[in-house]
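A short write-up of the structure that comes next.
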Amino acid sequence: MDIAKIDQIIENHNGEESSLIQILLDIQSEYHWLPKEALARVGERLQVPMSRIQQIASFYKAFSLVPKGRHEVHVCVGTACHVRGAQRVLDTVQDITGIGPGETDAELKFSVETVNCLGCCALGPVMEVDGKHHGNIAPSQIASVLNNCE
Amino acid sequence: MTMLSSPEKLECARKDIVSRIDPTKPCISVCAGAGCLASGAAEVIAAFKTELEFHGLTTEVNTKGTGCPGFCERGPIVMIYPEEICYLRVKPEDVAEIVSHTIKEKKLVDRLLYVDPATGEKATRESDIPFYKNQQRNILSENLRIDSKSIDDYLAIGGYSALSKALFQMSPEEVMGEVKKSNLRGRGGGGFPAWRKWEESRNAPDPIKYVIVNADEGDPGAFMDRALIEGNPHSILEGLIIGAYAVGAHEGFIYVRQEYPLAVININLAIRQAGERGLLGKNILGSGFDFTVKVHMGAGAFVCGESSALMTALEGRAGEPRPKYIHTAVKGVWDHPSVLNNVETWANVTQIISKGADWFTQFGTKGSTGTKIFSLVGKITNTGLVEVPMGVTLRDIIEKVGGGIPGGKQFKAVQTGGPSGGCIPEAQLDLPVDFDELTKAGSMMGSGGMIVMDEDTCMVDIARYFLDFLKDESCGKCTPCREGIRQMLKVLTNITTGKGKEGDVELLEELAESTGAALCALGKSAPNPVLSTIRYFREEYEAHIRQKKCPALSCKELIAFHIDPDKCKACGTCFRQCPAEAIDGGKKRIHVIDQEKCTKCGTCFDVCPPRFGAVRKISGEPVPAPIPEEQRAMA
Amino acid sequence: MSEIHLQIDGKEVVASEGMTILDAAKTVGIAIPTLCHHEKLEPYGGCRICTVEVEVRGWPKLVAGCIYPVEKDLVVRTRSEKVDKIRKVLLEEMLAHAPDAEELQALAKEYGADRDRFEKEPSFCIHCGLCVRYCAEIKKKHAVGFVDRGSNREISFIPEIASKECWDCKECFPLCPTSALQAAYVLAESLIPQPDAEVSSCSCSCSCSGKSGTGE
């Protein structure tokens, strides 16, 4: 963990307390999780109590308090995807990776999350792997997508 | 970069941009909205660039990534100007042919045109496609005309002229008056008249005021705001600055969810471009009016779409709603008067000022003026974004624009209003789309999600789905919402898994009543999906509870798969593909499903060749005993 | 301060500006039940047991008595069939978590709430937030906070702060209407590094014991 990097992120937001969520988002995108030292540093620099940081970090879905896998698999479970079989997509992802939503495997290869809507409703069911959308995905195509992840 | 320090300079710059556009020069516009990008639009754009270079046509032909035109189902969508040829589902492999045929020889690539499923007729231009023809695309049509990353394109189509008009030809009161006359109601959910919030804020004595764009589009199944902010970010910004001028605010926020990365990029870019041109910041267009705006990314919380929760989040806190006994228009962000409107509302403000309230009110009904954008999704032939005048019937949207239900299935219900809305049945389809009419029917306009459901959708499961969604999305602060949702979800889960009891429906109704005591609108409206499905589909609840039957054959615990021995041709398809190895088959042996091993994944049902149709779903009746071994051999 | 005339349960009440319905009712001896309310703390409006019916310009609505400010000519009903029914359900929902809480049991008697109506999920906490708010607003220590959201929301001590501040304070303990707080503290205590003991080497920020942290 590079404290200077955290300081830089805080600087980018002028060290403003109201930018707490924005700062945490930047840290999350840098490290793919919120390391404890980073949170402590943010609390110290912004003069924000740890209880508030902890609440925010656990309140918003974008944050993770544990390290994430190298590949982030998001299965959209928005209504449009739900009525078009998102549950079967999720079941298949679970079968292949061996982990359920919110979990990361022991090798830190995959993290699986459900998301409430990616806004590609016309293409449902949708799965997103490392930021790339796979629309109209059939359960039978999932293995080949995930097998391409190293 | 020239600063546009007066309205005259703005008009000069516009003339200059327009004069450089040759209307006869071919232009290839590819939708670069999120939907088409997910279908491979980026690869198509890249292929066009390579192909044009190969033919030495880079200077003669423009290529452009535009905003979403709405027909996501058929993406990636390519438009060729000036002929306005519309190609659908274009793949990188098609690009060479488009360039050599259409661009060079002015011939059509027939197979990429829209084909009317009913008549088999082909449509060349976008405006000939029924999906578009039956819409009134006041706002969405601009998406197609501009490169969403180019302020010049926006200026070319008249961008920021509404702002110039407001700042130089109208007083703030006149701007307010025009919006009031238009009777613009908030497009984000409740349909609260926009001018009322504005006026309340303006009249509040506090000199520090804020205007805010709510782009935290959280309703699952809705993506109108995404398309607007990605496709035409300047129109939102322009509306916001106009609103700020009317209200007397000098600072604004755009709260956009981080799940929409392209929207975040495009709006930030638009803010930078507008600042560089003097359309944001100090002394806008030389008018003496100052306004700055900041983008705040939402970190993933549905509840933040609620205005007071959004404002709490803007302050850098967990997005818990606050009691609104004093309106946020008077006491909002950091207790200062704050006007919050959603993306589509702000986009409408720009048009109202530009074209006038009288122009605006010619669309829609008396109580609900203007047009509304819906995201028409689910079990519908043409999925995508649809803009229609308020007052058209749900039936027209679903049948004329949406093209009906695919696969010869029966329509069952349409869900509007997201998790706070409800399901509307066939009998109510002639209802006009209007804020008040939808509320009367037990649903609501919401932000515009319209999810179509067919006979295969279980309405009890839909109610369960929304409660499951809300269980995690409630902030958890107040008891009726947190605990009411928890208990309602338990009852619904029991019903959909065959553990329902007599009295469950009444219990749901009682729990629903208690959520009326919740702190915010999200909690108060949480039982709507339950109440509306009970109201219109009570018999489905009763079938689940009494006969342990799911009439839609959808609830896993209540269904079984069975191979009809008279129809099975022992082709082996299901046998090979069953992931649970639950099918006993073999050459010329009628296949049988081992009910103990079956995980009800439905693979056998999907893969059984339609000409056999041997796999059946059963619910509410015993599974027929497997055919005796000696009878399984086929002749 | 200006006088505001309103009606509570048929009684004419004269209140002053800034008072809540709860305050105004108290002045005429009408008791509205509360669980998350505390005089020294900012109004919270979380438990909703103080829900009352009001009529504003002829429109009935349900509001939280502990935060709703008095208004001229407001008509308030602190007991009605609807209000009682809602309080009963809310109590039953809370009793599923904290069946033995005395305050809840007394109210349950009053409103005919069935302690066993809903399946027990003894997490004890009813999310009144008294501990969190008292520690933040009065003590300004922020040793206990909320985590997560929706039905997963709970209270949790911050071990690093609790280890320094809580031992000699514990003023929040008697505020807790259930036994949740003590339980949470005992849990936190086990995680609190003893003075001079070796600092936990876990770098993860969950509340794991530091031995088997995923961050290693």
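The values are calculated or read from the model by the stated rules, or taken from the named source; none is laboratory data. Not measured: the values here are computed from a predicted model. Cβ sites come from the backbone with ideal geometry, for glycine too, and all protein chains shown count toward neighbours. Note: areas computed on protein heavy atoms with side chains; ligands, DNA, RNA excluded. Shrake-Rupley method; radii C 1.70, N 1.55, O 1.52, S 1.80 Å.
Some observations on this one:
- Spans of helices (runs of 4 or more DSSP H) in region A:50-145 with at least 1 residues under 19 Å from B:TYR465 (Cα atoms) and more than 7 Å from every other protein chain (Cβ to nearest Cβ): A:79-83, A:86-97
- Checking each residue of region A:17-27 against the condition of being open to solvent by less than 10 Å² (accessible area, probe 1.4 Å), touching a Gly at 6+ places or on another chain (Cβ under 6 Å) and in the same structural domain as A:HIS133 (by TED's automatic domain parsing) gives no match.
- Any hit, region B:418-439, residues being outside the structural domain of B:PRO389 (by TED's automatic domain parsing), surrounded by fewer than 20 Cβ atoms within 10 Å (Cβ to Cβ) and β-branched (Val, Ile, Thr): no
- Residue match in region A:69-92 (condition: open to solvent by 10 Å² or more (accessible area, probe 1.4 Å), modelled with pLDDT of 90 or more and on the phi > 0 side of the Ramachandran plot): no
Residue-wise test of (1) in contact with a Lys or Arg (Cβ under 8 Å, 6 or more places away or on another chain); (2) not assigned by TED's automatic domain parsing to the domain that holds B:ARG74.
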site: B:LEU88; (1), (2): yes, no
site: B:ILE98; (1), (2): no, no
site: B:ASP128; (1), (2): no, no
site: B:GLN169; (1), (2): no, yes
site: B:GLU173; (1), (2): no, yes
site: B:MET176; (1), (2): yes, yes
site: B:SER182; (1), (2): no, yes
site: B:PHE192; (1), (2): yes, yes
site: B:LYS197; (1), (2): no, yes
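Yes/no matrix, rows are residues, columns are (1) closer than 20 Å to B:MET444 by Cβ; (2) surrounded by 18 or more Cβ atoms within 10 Å (Cβ to Cβ); (3) in the same structural domain as B:VAL414 (by TED's automatic domain parsing):
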position: B:TYR465; (1), (2), (3): yes, yes, no
position: B:GLU473; (1), (2), (3): yes, yes, no
position: B:LYS477; (1), (2), (3): no, yes, no
position: B:PRO480; (1), (2), (3): yes, yes, no
position: B:GLN487; (1), (2), (3): no, yes, no
position: B:GLU502; (1), (2), (3): no, no, no
position: B:SER525; (1), (2), (3): yes, yes, no
position: B:VAL530; (1), (2), (3): yes, yes, no
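- 1 or more residues under 23 Å from B:ASN62 (Cα atoms) and in contact (Cβ under 8 Å) with a residue 24 or more places away in the chain: qualifying helices (runs of 4 or more DSSP H) within region B:98-171: B:140-145, B:151-156
So that you can scan it fast, the table gives a plain yes or no per residue for (1) free of Cβ contacts under 8 Å to residues at least 40 places away in the same chain; (2) under 30 Å from B:LYS597 (Cα atoms):
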| site | (1), (2) |
| --- | --- |
| B:LYS501 | no, yes |
| B:GLU513 | yes, no |
| B:GLY516 | yes, no |
| B:PHE537 | no, no |
| B:GLU542 | yes, yes |
| B:GLN547 | no, yes |
| B:LEU558 | no, yes |
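- Total residues in region C:126-167, condition within 10 Å of chain A (Cβ to nearest Cβ) and among the acidic types (Asp, Glu): 3
- Filter result for the condition that a residue is closer than 20 Å to C:LEU35 by Cα, surrounded by fewer than 22 Cβ atoms within 10 Å (Cβ to Cβ) and of a type outside the set (D, E, K, R), over C:ILE161, C:ILE138: C:ILE138
- Within region A:29-40, the set of residues being more than 8 Å from chain C (Cβ to nearest Cβ) and surrounded by fewer than 19 Cβ atoms within 10 Å (Cβ to Cβ) comprises A:SER29, A:GLU30, A:TYR31, A:HIS32, A:ALA40.
- When B:VAL99, B:VAL90, B:VAL61 are checked against the criterion of being under 30 Å from A:MET127 (Cβ atoms) and either in contact with a Phe, Trp or Tyr (Cβ under 7 Å, 6 or more places away or on another chain) or modelled with pLDDT of 90 or more (or both), a single residue qualifies: B:VAL90.
- Among the residues of this structure, B:GLU200 does not count as one that is of a type in the set (D, E, K, R), more than 14 Å from chain A (Cβ to nearest Cβ), buried (at least 24 other Cβ atoms within 10 Å of the Cβ) and assigned to a helix (DSSP H, G or I).
- In the set (1) among the basic types (Lys, Arg); (2) free of Cβ contacts under 8 Å to residues at least 12 places away in the same chain; (3) crowded, with 19+ Cβ neighbours inside 10 Å, C:LYS61 fails one condition alone, (3).
- The residue of region B:427-453 that is farthest from B:LYS400 (Cα to Cα), among those that are over 21 Å from the mean Cα position of the chain (by Cα) and not aliphatic (A, V, I, L, M), is B:LYS440.
- Only one of B:GLY218, B:GLY188 that is open to solvent by 30 Å² or more (accessible area, probe 1.4 Å) and more than 21 Å from B:PHE289 (Cα to Cα): B:GLY188
- Within the option set B:ALA580, B:ALA560, B:ALA543, being assigned to a loop (DSSP other than H, G, I, E, B) and of a type in the set (A, V, I, L, M, F, W, C) holds for one residue only, B:ALA580.
- Looking across B:ILE563, B:ILE590, one residue alone is within 26 Å of A:GLN87 (Cβ to Cβ), more than 14 Å from chain A (Cβ to nearest Cβ) and free of Cβ contacts under 8 Å to residues at least 60 places away in the same chain. It is B:ILE563.
- B:VAL615 vs. criteria in contact with a Cys (Cβ under 8 Å, 6 or more places away or on another chain) and farther than 18 Å from B:MET634 by Cα: no
- Of the candidates B:VAL333, B:VAL349, the single residue that is surrounded by fewer than 24 Cβ atoms within 10 Å (Cβ to Cβ) and either outside the structural domain of B:ASN203 (by TED's automatic domain parsing) or under 14 Å from B:ILE212 (Cβ atoms) (or both) is B:VAL333.
- Applying the criterion of being without any contact (Cβ under 8 Å) to a residue 60 or more places away in the chain and over 37 Å from the mean Cα position of the chain (by Cα) to the residues of region B:612-631, the residue that is farthest from the other protein chains (Cβ to nearest Cβ) is B:GLU630.
- Among the residues of region B:297-316, those that are out of contact with any Ser or Thr (no Cβ under 7 Å at 6 or more places or on another chain) and within 7 Å of chain A (Cβ to nearest Cβ) comprise B:MET297, B:ALA299, B:GLY300, B:ALA301, B:PHE302, B:ALA313.
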